[in-house]
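Take a look at the structure set out below.
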Ligand code: DGJ
């Protein structure tokens, strides 16, 4: 072989090496697939590389589950909780519940995903399904079995509350150890005869229950919640006990709370739940302010509430303003106890776009296995709600303040 041939072969090898390093094994696999020479090995390599690529948080990017489908869990909640282990027992996993917006704004089913590492999510289907037609309750085995014990009147009511034309938003779940059952609360809404063009006039909280976090969840009812105490000025006296955007919170002693916007989105409330989490601890008519519920920040116009217990021992209540799908400035209040004095701590976000919560609306604050706090916000896309994005960012409760900062790409377990 001539010298120039060695040089040419060397240059070719070098070029191939550089090309391989630039496009990586994933790119090589794609190239082979494109050339029609894809093999199982190369496709496996492709899967591996895709998984590796996604093993971080890229706030605002599309996020796919382990089957390659876009995750549909908007307005959601992530928490570590006991789940069935498949052999009759339970194991701890992260569970993500949220609105499946595949069909757009209304009648959202609630999808559930699980994960061990918070990066890769396995889809478990829709845990609570909305109903397409009244007939479906009798003709579709799924619903017929779930509501077998209901009367026709009860079925009418179930259909009225969770049909595909209703508002079904911001589902949150709690596991009740005492009953070994899972309970979902969500914003259940619709137009009324008095106000047929406004889909948020019913203003209620829906409740559903199941033996498994994966469902099927059985819808129990929807209801109004706590009312403005006597002696205080109700910001919307014509419609008492409204409940729209909401969240759940389980305190260290196991007490459950529902936190929600009321009085036509003007005032936040936190109400204590019953021991089985399927109702309030006291009926709205007889509930006592400061014992059973607390009415907060009258007229402040806050929604998308999130309640968390910081590692500094304080309680933090974060929320957004009320601008529909558009992002706005977040605000956080903190207190030593849930029914105590709440102090306005201002905007928890720092850095560029902090004035619009990094173009998100709050839905959850939770901890990674190493204790790292994570802020979860929705970046709504009103023209294609199913392609709304998730923004997960590092958060901390240092120095008595909640701080959330932007990160382009990050890992909770980065060294
Ligand atoms: C803001 C709420 O936070 C969302 O859940 C949703 O109800 C939109 N408004 C609808 O405009």
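Residues in the range 253-272 that are farther than 19 Å from residue 318 by Cα and in contact (Cβ under 8 Å) with a residue 40 or more places away in the chain: 254 alone.
Before we move on, is residue 199 surrounded by 16 or more Cβ atoms within 10 Å (Cβ to Cβ) and part of a loop (DSSP other than H, G, I, E, B)?
Numbers: surrounded by 16 or more Cβ atoms within 10 Å (Cβ to Cβ): yes; part of a loop (DSSP other than H, G, I, E, B): yes.
Against the criterion (surrounded by 16 or more Cβ atoms within 10 Å (Cβ to Cβ) and part of a loop (DSSP other than H, G, I, E, B)), residue 199 qualifies.
Within the range 113-136, is there a residue that is within 16 Å of the ligand (Cβ to nearest atom) and closer than 25 Å to residue 248 by Cα? Spell out how you get there, then give the answer.
To start, the set of residues in the range 113-136 that are within 16 Å of the ligand (Cβ to nearest atom) comprises 130.
Checking which are closer than 25 Å to residue 248 by Cα leaves us with 130.
Yes, because at least one residue in the range 113-136 is within 16 Å of the ligand (Cβ to nearest atom) and closer than 25 Å to residue 248 by Cα.
Answer yes or no: is there a residue in the range 295-304 that is in a strand (DSSP E or B), in contact (Cβ under 8 Å) with a residue 12 or more places away in the chain, farther than 19 Å from residue 176 by Cα and under 20 Å from the mean Cα position of the chain (by Cα). Yes: the range 295-304 contains one or more residues that are in a strand (DSSP E or B), in contact (Cβ under 8 Å) with a residue 12 or more places away in the chain, farther than 19 Å from residue 176 by Cα and under 20 Å from the mean Cα position of the chain (by Cα). Among the residues of the range 356-372, write down those that are surrounded by fewer than 17 Cβ atoms within 10 Å (Cβ to Cβ) and under 15 Å from residue 402 (Cα atoms). Residues satisfying the conditions are 367, 371.
Answer yes or no as to whether residue 147 is touching a helix residue (DSSP H, G or I) at 6+ places or on another chain (Cβ under 7 Å), at pLDDT 95 or above and away from the ligand (no atom under 16 Å from the Cβ). Give the steps one after another, and end with the answer.
Working: touching a helix residue (DSSP H, G or I) at 6+ places or on another chain (Cβ under 7 Å): yes; at pLDDT 95 or above: yes; away from the ligand (no atom under 16 Å from the Cβ): yes.
Taking the combined requirement at face value, the residue satisfies it.
Meeting the requirement of 1 or more residues that are within 16 Å of the ligand (Cβ to nearest atom) and out of contact with any helix residue (DSSP H, G or I) (no Cβ under 7 Å at 6 or more places or on another chain), the strands (runs of 3 or more DSSP E) wholly within the range 322-379 are 331-335, 361-367, 373-379. Scanning the range 80-106 for residues that are crowded, with 19+ Cβ neighbours inside 10 Å and within 21 Å of residue 379 (Cα to Cα) yields 95, 96, 97, 98, 99, 100, 101. Are any of the residues in the range 282-292 in contact (Cβ under 8 Å) with a residue 60 or more places away in the chain, farther than 15 Å from residue 267 by Cβ and outside any loop (DSSP other than H, G, I, E, B)? No, there is no match, as no residue in the range 282-292 is in contact (Cβ under 8 Å) with a residue 60 or more places away in the chain, farther than 15 Å from residue 267 by Cβ and outside any loop (DSSP other than H, G, I, E, B).
Take the conditions (1) without any contact (Cβ under 8 Å) to a residue 12 or more places away in the chain; (2) part of a helix (DSSP H, G or I); (3) surrounded by 16 or more Cβ atoms within 10 Å (Cβ to Cβ); residue 153 misses just one of them, which is (3). Every test in (1) outside any strand (DSSP E or B); (2) within 16 Å of the ligand (Cβ to nearest atom); (3) touching a helix residue (DSSP H, G or I) at 6+ places or on another chain (Cβ under 7 Å) is passed by residue 159 save one, and that test is (2).
If you go through the range 294-321 and keep only what is more than 15 Å from the ligand (Cβ to nearest atom) and either in contact with a helix residue (DSSP H, G or I) (Cβ under 8 Å, 6 or more places away or on another chain) or over 19 Å from residue 235 (Cβ atoms) (or both), you end up with 307, 308, 309, 310, 311, 312, 313, 314, 315, 316. A count restricted to the range 107-129 and to residues that are surrounded by 21 or more Cβ atoms within 10 Å (Cβ to Cβ) and over 14 Å from residue 376 (Cβ atoms) stands at 8.
Which one of these does residue 182 not meet: (1) more than 13 Å from the ligand (Cβ to nearest atom); (2) touching a residue at least 40 places away in the same chain (Cβ under 8 Å); (3) surrounded by 21 or more Cβ atoms within 10 Å (Cβ to Cβ)? Going through (1) more than 13 Å from the ligand (Cβ to nearest atom); (2) touching a residue at least 40 places away in the same chain (Cβ under 8 Å); (3) surrounded by 21 or more Cβ atoms within 10 Å (Cβ to Cβ) one by one, residue 182 breaks only (2). Screening residue 174 on (1) surrounded by fewer than 22 Cβ atoms within 10 Å (Cβ to Cβ); (2) more than 16 Å from the ligand (Cβ to nearest atom) shows it passes everything except condition (1). With the structure loaded, tell me whether residue 140 is modelled with pLDDT of 95 or more and farther than 18 Å from residue 217 by Cα or whether it fails that test. No.
Of all the residues in the range 185-210, those that are over 16 Å from the mean Cα position of the chain (by Cα), within 13 Å of the ligand (Cβ to nearest atom) and either closer than 20 Å to residue 385 by Cβ or modelled with pLDDT under 95 (or both) number 5.
Taking the criterion of being modelled with pLDDT of 65 or more, surrounded by 14 or more Cβ atoms within 10 Å (Cβ to Cβ), touching a strand residue (DSSP E or B) at 6+ places or on another chain (Cβ under 8 Å) and not in a loop (DSSP other than H, G, I, E, B), would at least one residue in the range 50-58 satisfy it? Yes, the range 50-58 has at least one match.
The values are calculated or read from the model by the stated rules, or taken from the named source; none is laboratory data. Note that the structure is predicted; figures quoted are calculated from it, not measured. When we count neighbours, we look across all protein chains shown, and the Cβ atoms used for this are built from the backbone with ideal geometry, even at glycine.
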